[in-house]
Each structure stands twice: as structure tokens, then as C-alpha cells.
Amino acid sequence: MRLLTVIGARPQFIKAAPFSAVFRQQHKEILVHTGQHYDANMSDVFFNELGIPKPEYNLGVGSGNHGVQTGRMLEKIEELLLCEKPDGMLVYGDTNSTLAGALAASKLHIPVFHIEAGLRSFNMIMPEEQNRILTDHISTILSCPTQTAVDNLAREGITKGVHNTGDVMYDAVLYNIEIAKSRFSWDKLISDMHVLEGSVLNLTAKNYYLATVHRAENTDDKRRLCAIFEAFSEMDMPVLMPIHPRTRKLILQYDIIPTNVILIEPVGYLPMLMLTSNAKKVLTDSGGLQKEAWMLETPCVTIREQTEWIETLECGWNVLVHVNKEDILNKAMNTKPDINKRGNPFGDGHAAEKIVEVLKDYK
Ligand code: UD1
Ligand code: UDP
């Protein structure tokens, strides 16, 4: 089988690593990087540390408004599909790169295989919700990470080609956490960080909150972003924040002066796993990170009103907030999970193998 895979944003590189490794043992993959993320610490670092094959094509699309960014991708991906004529198009998740890949293929009657299908926040304001619904409805094979995702699709009338394969991000965590532990002592973790503001000298394990914030609904709304940083300023421990370039630009634009926050450049996946497992709690609006917190048994506060990953909410391992200072502070400092209770909703760490099996049967 010859698949063309489109990736472009940080979480897609991490998801691609386990799948590509298994798929390429028997099949041919043409990897296309749209260039949606392009800074070295948002892109190259993941290829280098996770051994992801070098993409055959980089479309160099870069940043832009949704229409511009998605439109440029569509045009270039269509050209490639006409030339490469693959047996299928593989896409991950819910970014603009996902939608562009799926739409370009679907219009050319090339089957679309969607990994991480069926997730819903039921908030159509999110660009990700629009991308995932549209992608699911034009996909031929839908790999769901959880039973909830399968059920969401069924409610929308999608039952054909749907498989509960487990989550490739669970594969990635299980495979990489031991590697991360062997490579990163605490001292190395600290000394490798590129600190932008604050000091990491006195930082110790379990004595910090790990925070990431980048969702459009939080960053593009000045009131919400200010509330988040006000809450961080009053936490009982320092807040370590690898800052997404989008958020970095906006805190400057809104004149936010982070207090009690140690700002660092985005880090690679291996150090991120270490920072997550050593944090007192994770505070985030990231889809991937709230799950990794769950997988690494670190309690999480998700700085959003909804989550697609509702399994993480069971027994208090993840808690949603209203995005205002009081609620963030209260839930970050006062909630505790029931540590004796944990389900196993994300599969067995072999999602990549299961997806390859499903695709083989399809062919
Ligand atoms: C995108 C995805 C989001 C995902 C996130 C992962 C969409 C609609 N959003 O959001 O679902 O959770 O990636 O991180 O696809 N920028 C840089 N350097 C980079 C990349 C971005 O400076 O390498 C800056 C640019 O100013 C850009 C902004 O970040 O305009 C936003 O980037 P973009 O890719 O449009 O969206 P994300 O917020 O990263
Ligand atoms: N991540 C990382 N370095 C960072 C911040 C995040 O490696 O500095 C990883 C994180 O561990 C998770 C993924 O990036 O695997 C999540 O990506 P992001 O939060 O950008 O997007 P989302 O998952 O919300 O779509």
C-alpha cells in the first residue's frame, strides 16, 4: 500500500512517530509536511528526537488566517496527489493541515484514513471542532482512540469504517517515557531549558505547576488570557510555562507581565514528558497534554469549559474550569484525584499496529 500522509503541527509529529514506524515495515509512506509549524522547536526537534522519517515534501505554507492557510495547503496537496496517485490519504487530529489533506483527497476520490477520529467538544466555535467534524464526514476509515469517539460518530450516523484502535499518543508515551528517564536527569532537564523569564535554579520535582496555553478561544480573547495569568500569579508554587509562539506574541500585544511564571521556549517531547511526570499538577488547554498528564498520573486542570477527552475527568484526574481567575485558582490548588481509581480508556499501547491491520484489510 502507498499512503500519502499529511502532517503539519506539533501534536501531529508526535502522533506520526509510532504509526510511521510500524506502517513502514510493510508499506510505503509518502510523508508531507505542510509547514504549518516551522520554528525549530515546534517542528525539527520532534523529527530529530523521535526518529520520524524526513518528509518527502515540505509545502512551506506557514502561518496565516484560516482561509489563507487552509487554501494554500489545499492547492499544494491536490497537485501532489495528482502526481503521486497514492492508494490513500492519512491524516491525524483536527488542525487545518488535517482538513486540507482530507478535503483535497476526498475531492479526488482518494480514500481518507483519519487517525483520532470521533472526538467532539460540542463547541462549534473551536476551529478544531469544525476541522474534525468535516474530516470525519469525508473519511473512509476512522480510527477512534476511545469508545466515546466511536459513540460520537454513531450519533452522527457514521458507523461504516469505524474502528476503536486505541490512542497512538498512548503508544508514544509508553514507548518514550523510559527513553526520556534514561536521557534526562533533573539537572540536565533544567540546564537544557531556554529560559525567557524567571529562574529555574530553585525548581524541584513536584514543586511546580506545568502550564501550556495556546487555544484560540483563550489566547485571542484578552480578558480570558489576562484571567489565566492573574490566576498563575497567585498560585502557591511557581508555574513553569513552555510558551507557544502564538501565546508569546499575544502576551506582548496585551501588555501582560507574567508574575510567578517561569517562561521557557517550547521544549522537545522527551523533556516535556519528564516535566509532565515531575509536575505537581498540569494546567493546560492542550488536548494532547491533558491526556499525557492522565497517562503519567499527574493531576490536570484543563483551562477550558469542555474537553473531548471526557475519560480523563473520571475520579478527578482532570478538572475543567470556567476561565476566570477564581475558578482556575480554586481548582488548581484545591482539587485532588481519587488515586485508587483509574480506568484504561486509551487502549493497550499498540494502537499503531491495530491501525495498520485495519488498513491492510481495507486494501
Ligand atoms: C494549531 C492548531 C491547533 C493545535 C496547535 C498545536 C489549527 C486551526 N490549530 O494551532 O489545533 O492545537 O496547532 O500546537 O490548525 N507560530 C510561530 N511559529 C510556528 C508556528 C506558529 O511563530 O512554528 C505562530 C504564528 O504567529 C501563527 C500562530 O503561532 O500565526 C498560530 O499558529 P497556527 O499554526 O495557525 O495555529 P496554532 O495556534 O499553532
Ligand atoms: N509539547 C511538547 N513541547 C512543548 C509543549 C507541548 O513536546 O513545549 C507536546 C505535548 O507533550 C503534547 C503535544 O505537544 O504531546 C501537544 O501539542 P499542543 O499542545 O501544541 O497541541 P494539542 O494537543 O492541543 O492539539
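Bear in mind these aren't lab numbers, they're just calculated from the coordinates by the rules spelled out. Predicted model only: the values in this text are computed from it and were never measured. Cβ sites come from the backbone with ideal geometry, for glycine too, and all protein chains shown count toward neighbours.
Numbers at a glance
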read-out	value
Shape of the chain, Cα gyration tensor, a/c cut at 1.5	prolate
On Cα atoms only, tilt of 168-183 relative to the major axis of the chain in degrees	50
222 nm mean residue ellipticity, helices alone, for the chain (DSSP H n ≥ 4; -39,500 (n - 2.57); rounded to 500)	-13500 deg cm²/dmol
Label-to-label distance, nm, for residues given as His109 and Phe122 (7 Å Cα→Cβ offset)	3.9
Greater than 23 Å apart at Cα, pairs in Lys107/Lys291; Lys28/Lys360; Lys54/Lys85; Lys188/Lys281	Lys107/Lys291
Charge dipole magnitude, Cβ of K and R +1, D and E -1 - region 1-138, Cα centre, debye nearest 20	180
Proxy reagent accessibility, fewest Cβ within 10 Å first, across Ile141, Ile110	Ile110, Ile141
Top of Val91, Val45, Val319 by mean-square fluctuation, Gaussian network on the chain, Cα under 10 Å	Val45
Listed residues Gly62, Leu275, Met295: farthest to the positive end of the dipole of the chain (Cβ charges)	Gly62
Cα long-axis angle, helix 222-233 against the chain (0 to 90 degrees, to the nearest 10)	50
C-alpha long axis of helix 96-107 to longest principal axis of the chain, angle in °	10
Sorted by Cβ density within 10 Å, fewest first, the residues Met235, Met1	Met1, Met235
Relative exposure of Thr298, Thr159, Thr165, judged by other C-beta atoms within 10 Å (fewest first)	Thr159, Thr298, Thr165
Set of aspartates and glutamates with alpha-carbon distance to Lys206 below 17 Å, sequence-local pairs under 8 removed	Asp187, Asp236, Glu292, Glu297
Cα gyration tensor, region 1-153 - rounded (a/c under 1.5), prolate or oblate	rounded
The chain - charge dipole about Cα centre, Lys and Arg +1 at Cβ, Asp and Glu -1, debye rounded to 20	220
